Amino acid sequence: MNTNRNPHLTLISDSEASAESGVAVRVGQMYWAARDQLIRFLLLRTGSRAEAEDIAQNAYLRLLSKADALADANLRSLLFITARNLSLDLQRQSKRTRRIVDELDGQDGIADRVASTLPDAERSMIAREHIEIIGALVAELPPKCRYAFVAYKFEERDYRDIAYEMGVSESMVRKYVIRAVSHCAKRFEELEGWE
Amino acid sequence: MIVGPSDRLRQIAAAHMLALEDPEADEDRILAAVAWIEESEEHYQLAREISRFSQICERLPRDLAPEAAPTSANDNRQSWRWSPARVASSLAALIPISLAFLVFQMDPFSRPSDQVTLEYFTDLGESRVITLPDNSRVTLGAGSGLRVNYDAAVRRIALTSGEAFFDVAQNKDLPLIVETGDGDVTALGTAFNVHHAPGSTTVTLIHGRVKVETNQGENGPVAYLRPNTQVDIQRQGGLSKVRAVDGNATLAWRNGRYRYDDTPLATIISDLRRYYRKPILLASPSLNDMRFTGVVNLQGGDIEQWLMGLHNLGGVDVSVRDDMVVISPQARPLEE
């Protein structure tokens, strides 16, 4: 039995006719066929193409490292699920980092903080406008919808928590957030259409 | 909130996008989201809209994000704090709370104020299109600044420097006034261009009707423009004669070039400064009135080429250095 856990070597060596390397080859073939779609999907979950490509690569390697356990599984589905889980990890990590940066920057003026959160001056000018626009859009929402959205998106509380506080069901909170996100995204696109 | 058919689809996109960031979503839920998004280009683009907005929300520093200030969960009279004092003092811009004409869409329990102020800037060489809350569209030229202030009675825009093309949404009850610094342009459902030059501001009407006045307002000269006419508001006060012009030629900058017809060099250099990253120095005031007719393309490389070409026209010396461009009068007399 091949105890070599290095995914690259597993793929390259084709002298073993074991089911294990057969799966690895299938994973590889599936990955290269699905990669463009996967990255396109990941662009919805990350801020940049570089991050999307990174996550795609890591999802692939993860799958390879579990090759012996995959057997009849739908490889493409697993790839996407793994990729989205990795994107979620990245999302949480960024939030944590931002919270720390915010605390450390507590002494600076607001404008400096906006500038320091973003890499370059041009984007910090854009951020100033975004702050105003998002405020206006959030104000367009009906009260309960607004509350649920702000609590979920900006205070990062979970649905259960918000539902308890608002005295409504968790699914109601999700509906509020869906409505809010949908409305604001549409209005944001209307206001900020770039040429 | 009125919901139309594409809105329903967008809500579905939002539901799927939220599922994708929900750690408790099971594998079937995730796969359903992926499948929906991949199903068509329309689905993907709606998901992208959601994604774009979400990511911008996530990038805001925590304490600048909107606050929720509920009293009891079942109380409809919730008030929303937006921390205006903190942000306004640092950003020197009023935070918009609501827009008068959006009040009709809002829940009666919310408490709108009746004013909104937004500011926009463009970088050197960068122009962009902005859609204002009333659906007016402004194409803001490079190196320009715009401040928008709407209230229940009037739409006010200040273009204090640079250039912009205004495509004003029709609203006869709500006039739109563009304050240029030298004077005001009042418009109802029109399209016009405002250009700051050294010494004056030029307003060119493309279609509709505008009234142009100096800072003296009704006490000073006033001009009513018809399409394809333009007037200069003089910095020292007063208006030039209204002249006929090819309106679309005036808008050539939106396509990345300027068309000049017997235009003073000072005006040309003032325009190019907004599109070119190195400082351009006109070394002597005697150069200000040199006239030029022709087209200047506004890509960085083209501007530099044009400046070097100026050198060959005679009468000027152009020195393109690493840190700046210097235009000075030629030592020897012009050769005819």
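The values are calculated or read from the model by the stated rules, or taken from the named source; none is laboratory data. Remember, predicted model here, so these are calculated numbers, not experimental data. All Cβ positions, glycine included, derive from the backbone under ideal geometry; neighbour counts span all protein chains shown. Please note that ligands, DNA and RNA were not included when accessible areas were found on the heavy atoms of the full protein model with its side chains. Shrake-Rupley method; radii C 1.70, N 1.55, O 1.52, S 1.80 Å.
Tell me the GluC sites (Glu not before Pro) within region B:8-53 that lie in a loop according to DSSP and have at most 10 other beta-carbon atoms within 10 Å.
When the GluC sites (Glu not before Pro) of region B:8-53 are filtered for loop state and at most 10 Cβ neighbours within 10 Å, B:GLU24 remain.
Please calculate how many Å² of accessible area region B:242-336 carries per residue, with a 1.4 Å probe and no DNA, RNA or ligand atoms counted. Don't skip to the end; give the middle numbers.
Working: 5370 Å² over 95 residues.
So region B:242-336 comes to 57 Å² accessible per residue, rounded to a whole number.
Could you pull out every residue, at least 5 positions away or on a different chain, whose amide H is within less than 5 Å of the one on B:GLY162? Hs are placed 1.01 Å off N in the peptide plane, and Pro or chain starts have none.
Amide H to amide H, under 5 Å and 5 or more residues apart or across chains, B:GLY162 pairs with B:HIS196.
Among the lysines, which have Cα under 23 Å from the Cα of B:LYS241 when same-chain residues fewer than 8 positions away are ignored?
Cα-Cα hits under 23 Å: B:LYS211.
Among all the lysines, which ones have a C-alpha under 24 Å from A:LYS186's C-alpha, if same-chain residues fewer than 8 places away are not counted?
Leaving aside lysines fewer than 8 places away in the same chain, those within reach of A:LYS186 are A:LYS144, A:LYS153, A:LYS175.
Using a probe radius of 1.4 Å on protein heavy atoms only, what is the accessible area buried between chains B and A, both sides summed, to the nearest 100 Å²? Could you put the intermediate results ahead of the total?
Details: alone 19600 and 13220 Å², together 25240 Å².
Roughly 7600 Å².
I need the per residue convex hull volume for region B:166-278, using only the alpha carbons, in cubic angstrom as a whole number. Present the calculation step by step, with values, prior to reporting the outcome.
Values: hull volume 12.5 nm³, N = 113.
Dividing the Cα hull volume of region B:166-278 by its residue count gives 111 Å³.
When the convex hull of the Cα atoms of region B:216-326 is projected onto a plane and the area is averaged over all directions, what value comes out in nm²?
On the way: hull surface 33.0 nm².
One quarter of the hull surface, i.e. the mean projection, equals 8.2 nm².
At A:GLU51 and B:GLN234, where each label point lies 7 Å from the Cα along Cα→Cβ, what is the point-to-point distance in nanometres?
Placing both labels 7 Å along Cα→Cβ, they lie 5.7 nm apart.
Rounded to the nearest 0.05, what FRET efficiency do B:ARG137 and B:MET308 have when you use their Cβ-Cβ distance and R0 = 41 Å?
Details: r = 36 Å, r/R0 = 0.88.
The calculated FRET efficiency here is 0.70.
Accessible area per residue for region B:158-240 in Å², computed with a 1.4 Å probe and the full protein assembly in place, what is it? Intermediate values should be presented prior to the final figure.
On the way: 3330 Å² over 83 residues.
Solvent-accessible surface per residue comes out at 40 Å².
Label 7 Å along Cα→Cβ of A:ASP36; region A:53-88 residues with amide nitrogen under 17 Å?
Counting only backbone N, you get A:53.
Starting from the Cα of B:LEU281, step 7 Å along the direction of its Cβ; do the same at A:ASN58; then give the gap between the two resulting points in nm.
Rounded to a tenth, the inter-label distance reads 5.1 nm.
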